[in-house]
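These notes are about the structure you will find just below.
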Amino acid sequence: MDLRAVSANLGAVVLERVSAQRFVRASHAPSWWHTRIEGDDPLAPIEICDVFPFLESFLPTAERAWSSVDSPPIASDMWTESATDGDFHLYAIAVRTGDAEVLVITRNDQMFHEHQLLLQRARELRMTYDAFMREIERKDILLHTIVHDLTAPLHSIVGSLSLLRECSLPASAMRWTELAVEAAARQRQLITGILDVFVTEQGSAPELVEVDLRGAIDKAVAEREPIARQRQVDLVATIHSCAAVRAEKTRLLRVLTNLLDNAIRHSPPEGRVAVTCTLEDGTLRICIEDDGPGVAPEILPHLFDKLVHDPRGGGTGLGLYFCRITIEQWGGGIGYEARASGGARFWIRLPAVVSAAADVTRSEGHGEVASAR
């Protein structure tokens, strides 16, 4: 068996280097070889860069493959040669075999066409991606415009109602004014929530910093305490061994107030909403519990998805979704579990930055603050 003919049958030619750019043929020649070499003498040295100019840029790279017997083979990019019967496509592999510095040149039109299809697909995907990003940009501009157009007159309404509230009004008129102020404030909060969800989905949230979690919980509880008092709900915060977290302060406060609003809304009169924070193995766990009916079983699998409405009543269906995508962006987790004694328990886990060994209990209920050390 003539093994020198095997490479030719595979569309390849084997060349052995004798000097910098001179090679001699060490195998039979495939048919395409004769379109480049006329009167081919297998023993005559070939100035390879005169035959294939493309290889002039590849040979310096090939030196690494020829430097030692342990060096791995190195392949070139594909290039195209022209012939009277059409173009054909080649690539070269440099390898050292014993003392021989070998260059194998192979024709592979199928690989070239596959490569071209891959490039074409990449160009199409790039065009699709660019169109997608332009569409996102247009939607971004549209959403910010809508939010601005909605909030601008709303600010005027809230301001006018606030001034009206300071006037001497009959009791019935004052009651309607208070209701209008609350409705306008709630509407402004819903509009801001929609914008927050959109911005967070786009991954354009502000840079994370170290945030004092104890301070954030205290602020959220203090802001929601008047609402809890109005609904006759006891709001209590108990903090054990708290620490700092890497977050964005405004969004962290919004996550906490979203969960507190849900808990207060679904708690019965004379009910209780409890906030706890514990440090466990470098992770902070914040729990918000209420005495309400809990979450309906049919929506549990989709509780933190977008636009999932709680049958018990609620807002836009974006609050818990916003909480989830925000907490997950910070490397944490969020979840729900039913309490054994009844009611709902929502929890958040965030990596702690700095551990603190303070055991502080802070209770806030009906305007009273108690601290124990």
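Every number in this text was worked out from the coordinates using simple rules, so none of it is lab data. Computed from a predicted structure; not experimentally measured. A quick note on method: Cβ atoms are made from the backbone with ideal geometry, for glycine too, and the neighbour counts reach across all protein chains shown.
Would you please give the FRET efficiency between Ile74 and Arg134, computed as 1/(1 + (r/R0)^6) with r the Cβ-Cβ distance and R0 = 35 Å, to the nearest 0.05?
FRET efficiency, Ile74 to Arg134: 0.30.
Can you tell me how much longer the chain between Glu223 and Ala83 gets when fully stretched, taken as 0.36 nm per residue apart minus their C-alpha distance, in nm with one decimal?
Taking Glu223 through Ala83 to full extension adds about 42.3 nm, to one decimal.
How far apart, in nm, are the 7 Å Cα→Cβ label points at Ser156 and Ala5?
A separation of 9.4 nm, rounded to one decimal place.
Considering only Gly292, Leu350, Leu164, whose Cα is most displaced toward the positive end of the charge dipole of the chain, charges sitting on Cβ of Lys, Arg (+1) and Asp, Glu (-1)?
So the residue furthest toward the plus end is Leu164.
If you add up the charges near Ser71, with Lys and Arg at +1 and Asp and Glu at -1, over every other residue whose beta carbon is less than 9 angstrom from its beta carbon, what do you get?
+1
Ignoring everything except DSSP H segments at least 4 long, calculate the 222 nm mean residue ellipticity for the chain; use -39,500 (n - 2.57) per segment, divide by total residues, nearest 500.
So the calculated ellipticity at 222 nm is -14000 deg cm²/dmol.
Tilt of helix 109-165 relative to the longest C-alpha principal axis of the chain, in degrees (0 to 90, nearest 10)?
Its long axis makes an angle of about 20 degrees.
What's the exposure ranking of Ile105, Ile141, going from fewest to most Cβ atoms within 10 Å?
Ile141, Ile105
With a 10 Å Cβ neighbour count serving as the proxy for reagent exposure, in which order, fewest first, do Ser82, Ser57 appear?
Ser82, Ser57
Per residue Cα convex hull volume for the stretch 75-168, in cubic angstrom?
For the stretch 75-168, the hull spanned by Cα atoms encloses 164 Å³ per residue.
In degrees from 0 to 90, rounded to the nearest 10, what is the angle of the helix 213-230 Cα long axis to the longest principal axis of the chain?
Computed tilt is about 40 degrees.
With +1 on each Lys and Arg Cβ and -1 on each Asp and Glu Cβ, and nothing else charged, work out how big the dipole of the chain is about its Cα centre, in Debye to the nearest 20.
1640
Residue separation times 0.36 nm, minus the C-alpha to C-alpha distance between Ala100 and Val209: what's the value?
Extending this stretch completely gives an extra 33.2 nm.
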